1. Name the residue, out of A:Ile68, A:Ile43, A:Ile58, that is at pLDDT below 90 and closer than 19 Å to B:Pro106 by Cβ.
2. Specify the residue that is nearest to A:Ala204 (Cα to Cα); the eligible residues are those in the stretch B:147-160 that are surrounded by 15 or more Cβ atoms within 10 Å (Cβ to Cβ) and not β-branched (Val, Ile, Thr).
3. Name the one entry in A:Ala85, A:Ala76, A:Ala66, A:Ala80 that is under 21 Å from A:Arg192 (Cα atoms), among the hydrophobic types (A, V, I, L, M, F, W, C), assigned to a helix (DSSP H, G or I) and in contact (Cβ under 8 Å) with a residue 12 or more places away in the chain.
4. Kindly indicate whether A:Ala112 is under 18 Å from the mean Cα position of the chain (by Cα), among the hydrophobic types (A, V, I, L, M, F, W, C) and under 26 Å from A:Gly240 (Cβ atoms).
5. Considering the stretch B:1-20 alone, what residues qualify as being farther than 16 Å from A:Arg100 by Cβ and surrounded by 11 or more Cβ atoms within 10 Å (Cβ to Cβ)?
6. From the list B:Gly176, B:Gly180, which one is surrounded by 20 or more Cβ atoms within 10 Å (Cβ to Cβ), more than 9 Å from every other protein chain (Cβ to nearest Cβ), at pLDDT 90 or above and touching a Gly at 6+ places or on another chain (Cβ under 6 Å)?
7. When you scan the stretch A:143-253 for helices (runs of 4 or more DSSP H) that lie fully inside it, which ones turn up with 2 or more residues that are under 26 Å from A:Ser54 (Cα atoms)?
8. Hey, can you tell me all the residues within the stretch B:193-217 that are free of Cβ contacts under 8 Å to residues at least 40 places away in the same chain and either at the interface with chain A (Cβ under 7 Å from one of its Cβ atoms) or assigned to a helix (DSSP H, G or I) (or both)?
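The values are calculated or read from the model by the stated rules, or taken from the named source; none is laboratory data. A quick note: this is a predicted structure, and the numbers were derived from the prediction, not measured. Neighbour counts are summed over all protein chains in view; Cβ atoms, including those assigned to glycine, are modelled from backbone coordinates with ideal geometry.
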Amino acid sequence: MTGSITSWLRSRISKVGAARTALIVLTLALLESLCRIGVLDRITIIPPTEMAASLWDILKSGRFNADIAFTLFNVAAAIALATSAGFFVGAVLHSVPRLRRVSEPLLSAYYAIPTFVFYPLLIVMFGIGRVALIIMGAMFGVVAMIVNTMLGLDRVPPAVDKVGSILRLDALRQLVLIRLPAASPHLVTGVRLAVAYSVIGIVAGEFILATSGMGKRIAFAYDNFDNKTMYGMLLLLLVGVVIVNSALSVWENRLHRRFGQR
Amino acid sequence: MKSTRFDYLVFAGGLLMLWQLTYYAVGAEIVSSPFATIRRALELVLTNAFWVHAEATMSAFGAASLISIAGGIAIGVWLGLRRFAGDVASPILGSLYSIPKITLYPLILLAFGLGISAKIAFGVIHGIFPVAIFTMNAVRNVAPVYHRTAHIMRLSSVTTAMTIMAPAALPEILAGIRIGIALTLLGTLIGELFASTSGIGFALVRAMGIHAVTDILALTLLIFIFAALLNASLHFIERWVRHGG
């Protein structure tokens, strides 16, 4: 009985995967042919195969390695800052319900304001360079982490907490052994969103004003009608984000399954 | 209720104080004082030019919101009702939701040119995916017992949709709409920052260009107040539907 269910599930999963691959391939083929026969002109978009070739060329020649490393480092620093500060603030707000209730409107309207209008102010404060960009990225990512930390701590089942007290765990162990694992699925959601938002903040900053970085290269190529470089870099950036995001969501789903309720 | 109001007052006072302290710490070159910013915001609201920009933003934002909501619900309902199609599309939607869409601005500009259609397109690519994802999950999560009940009562498919599916899925769809609208506003403003000659976002770019700190903060404050009010009223509708509607 169980065997037949798993084999049914497996066949279904592979069928879904096959259909998804087919859908993506067909979409790309359609785009490719529309570009090739000239329905979409080359000034607007270049065929996906040329984007991939340009991406390959960028990686092989290594001419943008410094920019890629610059952006990667900044993104990593911003994520570290956003997730640690976000976790801390989220934990504090969770433990002070009155403070949490009054800050709720602030947190839920936060993502409607284009945070990077503060970027010029940050440049005045820190100069053009890494620091302003990292803070920009962290400002974008931190609120997603705060909100998801609170959600995660909300979902710690009271029974699990009680088990901790029965075992007479001290506060630190209670946190590390009981509450963090129970909250972990939402914490990973927070990290995943913080990654996405930090990238937005940093790339936006690099678009506006920066000395190097992937955003800077994309903006520069756009200004010079260099579509090949532009789409190659765009593809690299998007593929990178999609891979990190998918890896984190696989992890997230695994934790959800392991630690119970959604 | 009274204590809540008191808490809000204390919180707002605390934020203003923090702002004032930041102003003292970093100086007027970087942050304008809360008093000067609020006064500037009030001055702006009384000028005609502000309302011309606000109207430009609002018309783009309104159109983008309508397209995001209608399109997102249509996609979401379709994928929610078809299990297989939903399974196929769900990770693709998730990826599209999470990619930094600001990087697509060159593509949008090349495709739509400068102007209102680029702004609307920017708003829509930000807002449509959350609405679609929330709607799909809402439709999927309607308890099977409701379907069976409808079947036993021999309701027609239209009646089922109107009296059973819609009320069951509506609260979650509204949550998606709330998030989608906030992101649509963000997208529209980003579109204006990069690609337009009018609107609040354009006014911001101009203020950024001449480093008018008070203007930047006053405009941001006004955007924030608008976003918070919009969000609060959508929250209110959501709660009303969930409990009393």
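1. Numbers: A:Ile68 fails: at pLDDT below 90; A:Ile58 fails: at pLDDT below 90.
Testing whether each residue is at pLDDT below 90 and closer than 19 Å to B:Pro106 by Cβ leaves just A:Ile43.
2. Within the stretch B:147-160, the first condition is being surrounded by 15 or more Cβ atoms within 10 Å (Cβ to Cβ), and the residues that meet it are B:150, B:155, B:160.
From what is left, the residues that are not β-branched (Val, Ile, Thr) are B:150, B:155.
Details: B:Ala150: 50, B:Leu155: 52 Å.
Applying the filter and picking the extreme gives B:Ala150.
3. Unique residue meeting the criteria: A:Ala85.
4. Numbers: under 18 Å from the mean Cα position of the chain (by Cα): yes; among the hydrophobic types (A, V, I, L, M, F, W, C): yes; under 26 Å from A:Gly240 (Cβ atoms): no.
For A:Ala112, the condition - under 18 Å from the mean Cα position of the chain (by Cα), among the hydrophobic types (A, V, I, L, M, F, W, C) and under 26 Å from A:Gly240 (Cβ atoms) - is not met.
5. Matches in the stretch B:1-20: B:Leu9, B:Leu16, B:Met17, B:Leu18, B:Trp19, B:Gln20.
6. Only one candidate qualifies: B:Gly180.
7. Details: elements: A:158-166, A:180-208, A:214-223.
Those helices (runs of 4 or more DSSP H) span A:180-208, A:214-223.
8. The initial filter retains those residues of the stretch B:193-217 that are free of Cβ contacts under 8 Å to residues at least 40 places away in the same chain, namely B:193, B:204-212, B:216.
Matches in the stretch B:193-217: B:Leu193, B:Leu204, B:Val205, B:Arg206, B:Ala207, B:Met208, B:Gly209, B:His211, B:Ile216.
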